[in-house]
Amino acid sequence: MAKLQIKSETIATFGGIFQIMELFERLGLGKLVDSSLGKRDSSWNAFKYSEVFEALFCNYLCGGDCLEDINILAPQLSLRPGTRIPSADTVGRVLKSLATENISYACENSGNSYCFNTAEKLNALLLNMIKKLGLLKAGEEVTLDFDHQFIPAHKFDAKYSYKKDFGYFPGWASIGGILVGGENRDGNTNVKFHQADTLSRIMDRITLVTGVIIKKFRADCGSFSKEIIEAVEPRCGHFYIRASNCSSRYEDFMEFDGWESAEIDYRKCELASFDYEMNDSKYRLVVQRSPKMEDGKIVTDMFGTVYVYRVIITNDWEMSEKDVVLFYNKHGESEKNFDIQNNDFGWAHLPFSFMNENTVFMLITAMLKNFFLYLTQTLSERIKAVKKTSRLKKVLLHFICVPAKWIKSGRRNILRLYTERQYYKEIFSS
């Protein structure tokens, strides 16, 4: 076995994080945070909101799993001249101070009440940060996806869900890989309950703050209701929502003989369109049917082949049936955002005991996700191994994980990297 020596030199393991910290400040994100949230304390040594956000960002970008990992990383992050890193307790205390009161809605049918947390101020900051990063531009036509994600969390106020666990059931809107708005809800809340209010707030805020045009809206069957369509339709060009509970229409589907053959995702199916009246308006049902399979064989009954029907309701009468189905199927890509948040940016380990406090954490880490998207776009132009769609692990291996030491020379602070990767010189000098 080779001889082991331990040196106590102040060499940082995550040298690439220092450039990311400089990027955070150079883009003006710290100033944006402080101007949006105000001054924390009259004391001169109180940590600013921007310093708390920066510490939280660095924690997860260096591979931290939970809030307490900030204490492990703080000695390294503090090596950067002029940088103050708050402890995990301070970060937690500051995030709790940003929590807002929940809104309680009573259900007329059951008499039960369900809590929502809208976090208006942080949702606006989320969008302003997107503008600052240039991820969305005024006048740009976009497709907005909306979905709910159950987050298991055994917290003090977590409610038991039909998912057979305690947790929260937030609804999130996204444009591609960009998280543009979210509201938290009790885990036992029906997905359609007051969703129209949530979507109205999110869509109006997106249009007002960013100036983008919501050209198309996609959502799953959890958004198929009269009230939700009434809220969505005037706020977008076209909507595409998975329609459920159409069993009453199956007889019409079975009697129809104008089905057109198509191949979608390498599988053969048949497509057709039907009229559908709702809200005194006429909409289009795009129906896809495929033979039901069991043990590799087509299922039949006394009437012939048994089909599985999938229905999309839309106000788009121009797009072909195949194009509607292909476009809607891309909605599944938005679920990747939840996977990234759960596994890379802390949603799997929510730090607080109450929903409104965890909403703050989720929104700030959503800002981190958008910042990370900007980071990968920037690094992909200089590092061949990093793509725009790369996950955190890839960026850690190829950029953040590099030994580094701060030295002072000629009255200047210089970051010395110990690596053979020449692309660092180009990135750091940019």
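Readers should treat all values here as calculations from the given coordinates under stated rules, not as data from a laboratory. Every value quoted in this text rests on a predicted model; they were computed, and no experiment measured them. All Cβ positions, glycine included, derive from the backbone under ideal geometry; neighbour counts span all protein chains shown.
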Helix 88-97 axis, angle to the chain major axis (alpha carbon atoms, nearest 10°): 50
Computed from the coordinates I sent, volume of the Cα convex hull per residue in Å³ equals one of (1) 213; (2) 148; (3) 131. Tell me the label. (1)
Can you grab the distance from the C-alpha centre of region 174-216 to the C-alpha centre of region 27-70, Å, no decimals? 25
Among 3/405; 215/388; 48/121; 163/394, which pairs are too far apart, with a Cα-Cα distance over 27 Å? 163/394
Would you mind calculating the relative contact order of the chain from Cα pairs under 8 angstrom and at least 6 residues apart, reporting the percent as a whole number? 18
C-alpha long axis of helix 355-379 to longest principal axis of the chain, angle in °: 80
Which one, 92, 264, 361, is farthest towards the positive end of the dipole of the chain when Lys and Arg carry +1 and Asp and Glu -1 on their Cβ? 92
Just grab the label-to-label distance for residue 278 and residue 342, each label 7 Å out from Cα along the Cβ direction, in nm (one decimal). 2.8
Under a cut-off of 15 Å between alpha-carbon atoms, report the aspartates and glutamates in cross-link reach of residue 192, not counting same-chain residues fewer than 8 places apart. 108, 147, 183, 220, 227, 230
Against the longest principal axis of the chain, how steep is helix 335-344, in degrees 0 to 90 to the nearest 10, with axes from Cα atoms? 30
Run the reach check for residue 322 against aspartates and glutamates, Cα to Cα strictly under 15 Å, same-chain hits fewer than 8 apart removed. What comes back? 260, 263, 265, 270
Among 197, 275, rank each residue by its count of other Cβ atoms within 10 Å, from fewest to most, as a rough exposure measure. 275, 197
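In debye, nearest 20, what is the charge dipole magnitude of the chain about its Cα centre with +1 on Lys and Arg Cβ and -1 on Asp and Glu Cβ, if you could check? Don't skip to the answer; put the middle values down first.
Numbers: 56 positive and 54 negative charges, 578 e Å.
It comes to approximately 2780 debye.
Sort 127, 326 so the one with the fewest other Cβ atoms within 10 Å of its own Cβ comes first. Could the numbers behind the result be given before it?
Values: 127 22, 326 14.
Going from sparsest to densest Cβ surroundings: 326, 127.
Quick check on the chain: helices-only [θ] at 222 nm, where DSSP H runs of length 4 and up contribute -39,500 (n - 2.57) each and the sum goes over total residues. Nearest 500, please. Numbers along the way, then the final one.
Details: 14 runs with 149 residues, N = 430.
Taking each H run of at least 4 residues, the total per residue is -10500 deg cm²/dmol.
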Rounded, prolate or oblate: pick one for region 87-160, where a ≥ b ≥ c are the square roots of the eigenvalues of its C-alpha gyration tensor, a/c under 1.5 means rounded, and failing that, prolate if a/b is larger than b/c, else oblate. oblate
